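What follows is a short report on a single structure.
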Amino acid sequence: MTEELREELDQAALATQQAYAAARGGFVPAGSGGSVSAGGNAADDASPFAGLSIASNLEDLLAEKVDRAKEKEEENKLSPKVSIMKPILRFLQLLCENHNRSLQNLLRDQMNKTKYNLVSETLVLLDVICGSTTGGLGLLGLYINENNVLLINQILETLTEYCQGPCYENQVCIAMHESNGLGIITALILNDINPLGKSRMDLVLELKNNASKLLLAIMESRTSDSENVAEKIISNMNPRQLVDVACKAFHQETLDEDGDENEDAVSPRVVGHNIYILCHQLALYNRDIGALLKPNLEAMDAKTMEALRFYSSHTAQIEVVRQDRKLEQIVFPIPEICEYLTEDTKFKLYTNAERDDQGSKVADFFSRYEDNFAEMRWQKKLRSNPALFWVSRHMNYWSQTIFALSVFINVIVASFYPFGDSLPSTRFFKSFKNVIQYNVLLSTQIPEATSQA
């Protein structure tokens, strides 16, 4: 049931209550043969028939609304000729998987007389489905519904795979195409997708996430923008609006934290972080965008500054030397769960990493990935219980204490071996009890001293 139909049913229910109240009060519609007053017998006799007549009319109205909603839903359903494109696009995506440069170029140019540019055709398909040929992009939400949003997501994922690697030729082909595809991708990020966003916000977030990934793939590894790809992207958007969307997504995460957590669902904060990295990439070609990313007490409110500080502190970059010997900076987000990695694990990972051969550090690091990730997830759950978290913070101390106590117990056992038939004197037990109490007192004082240090 759609949101529009639900509102109409609520209005019909309200009208039904008012009609029944009027019928019980003796108000008879004109032409029913009864009096208008509530005190006559004619009104009393006609009011049940009037109530039945109003009820039957309302039932007919509701049935008509339901039939109209079903017809509208049937109209929104994709035809078989269009829905068959989803598995085809998935197949094209898998062809380009793992940055297969040869197949990426083959889909664009077959090197023969008859050429079929599937990259451009995929972008045109996005242009047609989103209805940009019929009007402005402000009405984009009217063309996106639950029936075609999965197909649009698949188009965005396929276009992203065309570009990743990077494949510079496909990047230019998408950015410089004559269709309005680049404008649609930008509008998916900047605009609210309503009415779909009112009922299925998870689908809207997934759509914005795929659109932001596609723009990042188009901008990937473009150290020199001789084709003006960055300028073409900037010309299709308002930089300030792009930053505002990223900050709004950050605070939307705070509102949704109390809801049920779904690991497969796209987080609004992840979408906002991708948009922030896109702004970071575009700032290399536009100083105004770079100025908008710097927190400013005079020109920004507290929420915007909070979001920008979070994104800045959770964004890192590395330098990579490509095959053409060019140095490239790769910007990537730092997941929040990485904050839960303990210092002991970081130290062990740093000191025990394999450094025997060139490139062995990366293989050794990925071999420990599952254990480290499991520890981070466990530490995240552990923070919800302060007492258990305090105990876990001093695991080294507890292990040393257990080792010392085990040595102490073994010394006692070895001192009285072989055991005799007679029991030791009670004086010994009193002194042994004092030793135990002293060890317990010492074990409670050492963690406090270490935490203060």
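The values are calculated or read from the model by the stated rules, or taken from the named source; none is laboratory data. A quick note: this is a predicted structure, and the numbers were derived from the prediction, not measured. When we count neighbours, we look across all protein chains shown, and the Cβ atoms used for this are built from the backbone with ideal geometry, even at glycine.
Within the stretch 86-101, the set of residues being assigned to a helix (DSSP H, G or I) and modelled with pLDDT under 90 comprises just one member, ARG101.
Tell me which residues, restricted to the stretch 307-342, are touching a Gly at 6+ places or on another chain (Cβ under 9 Å) and hydroxyl-bearing (Ser, Thr, Tyr). The one that is touching a Gly at 6+ places or on another chain (Cβ under 9 Å) and hydroxyl-bearing (Ser, Thr, Tyr): TYR311. Scanning the stretch 165-191 for residues that are on the phi < 0 side of the Ramachandran plot, assigned to a loop (DSSP other than H, G, I, E, B) and in contact (Cβ under 8 Å) with a residue 12 or more places away in the chain, we see that the one that is nearest to the chain's Cα centre (by Cα) is ASN191. Based on this model, can you work out whether MET176 counts as touching a Leu at 6+ places or on another chain (Cβ under 9 Å), assigned by TED's automatic domain parsing to the domain that holds ASN236 and surrounded by fewer than 18 Cβ atoms within 10 Å (Cβ to Cβ)? Yes: the conditions hold for MET176.
SER212 satisfies every condition listed in (1) touching a helix residue (DSSP H, G or I) at 6+ places or on another chain (Cβ under 6 Å); (2) modelled with pLDDT under 85; (3) closer than 21 Å to SER312 by Cα except (2). Within the stretch 192-217, residues that are on the phi < 0 side of the Ramachandran plot reach partners that are of a type in the set (D, E, K, R) and in a helix (DSSP H, G or I) with beta carbons closer than 6 Å, at six or more positions or on different chains, in the pairs PRO195/GLU3; LYS198/GLU3; SER199/GLU3; ASN210/GLU157.
Taking residues in the stretch 320-339 that are over 16 Å from LEU284 (Cα atoms) and in the same structural domain as TYR276 (by TED's automatic domain parsing), and partners anywhere that are part of a strand (DSSP E or B) and charged (D, E, K, R), the pairs with Cβ atoms closer than 8 Å and at least 6 places apart or on different chains are VAL320/GLU328; VAL321/GLU328; ARG322/GLU328.
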